[in-house]
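So the structure is just underneath, and the comments pick up after that.
Where a number appears in this text, it was derived from the coordinates with a stated rule and is not lab data. Small disclaimer: the values here were computed from a predicted structure and weren't measured. Here the Cβ positions follow ideal geometry from the backbone for every residue, glycine too, while neighbour counts run over all protein chains shown.
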Amino acid sequence: MRNRFQAGYALAEVLLATVVVSISVVELSKALSNLNRVAIVASAVTKAGNQADMLMQKIMSERFDENIYNNYSLDLDGINDHVVANGYKGISGKNARTVELWFRVDNDNLGSAPYGLVYWGEEDYCRRWRIELQGSSGSLYPSVDLNNASVRPSSTNIITDESWHHIAVTAESTGRSSDVQIYFDGELLDTVTSDPNWCIDYNTGNLADVTIGAGYGAWSGGSYRYFGGQIKEVRIWNYVRTDDDIRASYEGSKISNPASNSSLVLYYKMDESKGDLVFDKSGNCAHGRLVGGVDWLVEGWTQNLGAESEVGVDDYDDVDDFHLDSIVDTAFTGLGSRVMVKYVSVNPETWVISNASEGVLTNYKQVTVKVGLPGVPDSVRLDAIMAADVSQYGDITIFPYGE
């Protein structure tokens, strides 16, 4: 009896051990499953983080606003307002050059007497370099006055409104007036030379400082022809820019690190918004002095965030085009992204961020990118602040999806 009892006891112990082992295997299986799930989630977080970072970099490479070139400018009264680049004489002789700027004419000045946009040189035969607007039957057209000869479009009905326009003038190093070209809103104009027997060859002088918003002329009794309207983004280059370069400028291309670009000899963004100086962003530092009580003009940003006429991410040209866009990475991760953009208020000293009041347009936009994680209600979230003049990048954090 005792042996059978002992044998039965042993059998019970074995059965109990088997149950314990089975339970242990189940727990181990759950643990391994949890570890596997953790590994999958960790991998997904990594992929989602990389996706959020790449998308954020693309967004932050765009302009702050589609109206970035319609925001800051100098407002000139057409009476005596102008800017003088103290000590900078421009590009002299027959040296190659390109001059670009944006301007908007006050409606009262359409078709009025000629007035200067950019001027330098000397008041002697073929020694002047003046880019100006001439009037003709209620409209305006751009012209390059060399003194005793000028280069102008074959059609004079060019400017008939008070919208923003872009003008660029290029001149080859040949010094021949026939090689001077005028671009208007990114397109090359057909030009003719008045008095073609004069100034076949020009040789720009170096007496006058570069002047913006006026054009001195001895022919007018030594007076200035003052521009009435707004000017911004004045750029002078020491080479001939290509058609594509000028088209890109018209389309709003930025200049990367202008101070280190040796070909850019003057760059007035005119975005200071206050003060009596215009800072030269080129390496020459030929800062301009405001003369005549020039006013700064600051206009508004886009009111309605989101894409306008753009079709797809590749067409987006400013930050808020991405607002409320859902983007799926079909090439690599298969994960979906959600982008949100809003105006915020930022303390520029502490970078403390707060929501802007409804309807208030500030100089700061917060960009949020969320990438959902598969199988869980969480997402990887990346926040960044873009300012009208500087960007502040954010950190990757995990937040509940939809927060």
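With the contact rule set at Cα under 8 Å and sequence spacing of 6 or more, what percent relative contact order holds for segment 69-298?
Numbers: 641 pairs, mean separation 72.2, N = 230.
Relative contact order, segment 69-298: 31 percent.
Nearest 0.05, what FRET efficiency do N238 and W198 give at R0 = 25 Å with Cβ-Cβ as r? Given R0 = 25 Å and the Cβ-Cβ separation, E is 0.45.
Could you compute the net charge surrounding N206? Neighbours are other residues with a C-beta less than 12 Å from the C-beta of N206; K and R count +1, D and E count -1. For residues surrounding N206, the net value is 0.
For the peptides 317-328, 203-214, the ranking by packing is 203-214, 317-328, with the highest mean count of neighbouring Cβ atoms within 10 Å listed first. The label-point distance for S309 and L207, in a model that sets each label 7 Å from Cα toward Cβ, rounds to 4.8 nm. Taken as Cα centroids, segment 313-334 and segment 132-146 sit 44 Å apart, rounded to the nearest whole angstrom. Its relative contact order, with pairs defined as Cα atoms under 8 Å and 6+ residues apart, puts segment 328-373 at 44 percent.
At full extension, V328 and A387 could sit 18.5 nm farther apart than now, given 0.36 nm per residue minus the alpha carbon distance.
Let me know the shape class of segment 69-298, please: from the alpha-carbon gyration tensor, a ≥ b ≥ c as square roots of the eigenvalues, rounded when a/c is under 1.5, otherwise prolate if a/b is greater than b/c, or oblate. Taking the square roots of the gyration eigenvalues as a ≥ b ≥ c, segment 69-298 is rounded. For segment 69-298, the dipole from Cβ point charges (+1 on Lys and Arg, -1 on Asp and Glu) about the Cα centre works out to 560 debye, to the nearest 20. For L266, the shell of other residues with beta-carbons less than 12 Å away shows a net charge of +1, using +1 for Lys and Arg and -1 for Asp and Glu. Other residues lying with their Cβ under 12 Å from the Cβ of R241 contribute a combined charge of -2, Lys and Arg counting +1, Asp and Glu -1. Site pair N261 and D179 shows an inter-label distance of 2.3 nm when each label is modelled 7 Å from Cα along Cα→Cβ.
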